[in-house]
Amino acid sequence: MTTDKEKIIILGGGGHAKVLIEIIRSGGIFEIAGILDARFEKGLKISGVPVIGKDDLLPGIFERDRIINACIGVGSTRDNSLRRALYEKVKQIGFSVPSLVHPKAVVSASCRISEGTQLMASSVVQPCSFIGENTIINTGAIIDHDCNVGRHVHICPGAVLSGECLVGEGSFIGTGATIVNGIKIGKNVTIGAGSVVVNDIADDSVVKGVPAR
Ligand code: JB2
């Protein structure tokens, strides 16, 4: 059956990819052409999507197959550098990386969502907030009003940013962490799961606990 939907390729076939496959399907805009992941045999199906090979296929997929959309289906646990590298790789080839928003995410009309951002089910982005490229706002995470979240950031499930917070690029806010109003978190910071952050955090810090230290 041919469809007039645009095709999209997914890099990675693990848990994060399964979540994204559901979001893509619910949006009804893209037809998933396949998964690239060296871990799996070609032809294996993941959530009904065939593994078609490894990342070395990307140039041909773009040039020959004319598939121009890519999805970074690799998630992150603390370190976002692989996601950043994959995003930069596909952008360098020429791919678009659509932002993917679950239909049950709550996204204010006055917030700005950048290319490649992924908003999972029950996530909330409130008025006047900005979300940078290739950033994950994971399941049930809350970004309150007037926040600025940089690119290649991962806001893990259930984490909460109160109003007017800033998160620098590459940072990782662990599951269920709470950031109180107006806090500035630097670049490449790791906040441990369940932490409560009540002071600004410098670049490259790793903090955890209540209050986070
Ligand atoms: O360079 C790569 C690459 N590196 C790892 N290119 C491609 N195309 N795929 C790559 N992968 C693949 O990503 C691995 O072979 C593996 O199959 C997949 C990662 O799957 P995993 O199940 O290990 O984690 P995940 O990235 O899907 O999800 C993590 O992050 C999420 C946000 C987990 O920690 C999840 O629990 C979490 N929710």
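The values are calculated or read from the model by the stated rules, or taken from the named source; none is laboratory data. From a predicted model like this one, the values you see are computed outputs, not experimental measurements. Don't worry about glycine lacking a Cβ; one is built from the backbone with ideal geometry, like all the others, and counts go over all protein chains shown.
Condition first: more than 13 Å from the ligand (Cβ to nearest atom), more than 18 Å from His154 (Cβ to Cβ), surrounded by fewer than 16 Cβ atoms within 10 Å (Cβ to Cβ) and not assigned by TED's automatic domain parsing to the domain that holds Gly174. Can you find one or more residues in region 29-40 that meet it?
Yes, region 29-40 contains a residue that is more than 13 Å from the ligand (Cβ to nearest atom), more than 18 Å from His154 (Cβ to Cβ), surrounded by fewer than 16 Cβ atoms within 10 Å (Cβ to Cβ) and not assigned by TED's automatic domain parsing to the domain that holds Gly174.
For Arg64, state whether it is away from the ligand (no atom under 16 Å from the Cβ) and outside the structural domain of Gly27 (by TED's automatic domain parsing).
Details: away from the ligand (no atom under 16 Å from the Cβ): yes; outside the structural domain of Gly27 (by TED's automatic domain parsing): no.
Here the answer is no, as Arg64 does not meet what is asked.
Just to be sure, is Asn134 out of contact with any Asp or Glu (no Cβ under 7 Å at 6 or more places or on another chain) and either assigned to a strand (DSSP E or B) or buried (at least 19 other Cβ atoms within 10 Å of the Cβ) (or both)? Write out each step before concluding.
Working: out of contact with any Asp or Glu (no Cβ under 7 Å at 6 or more places or on another chain): yes; either assigned to a strand (DSSP E or B) or buried (at least 19 other Cβ atoms within 10 Å of the Cβ) (or both): yes.
In short, yes.
Has region 97-115 got at least one residue that is within 10 Å of the ligand (Cβ to nearest atom), at pLDDT 95 or above and not acidic (Asp, Glu)?
No: region 97-115 contains no residue that is within 10 Å of the ligand (Cβ to nearest atom), at pLDDT 95 or above and not acidic (Asp, Glu).
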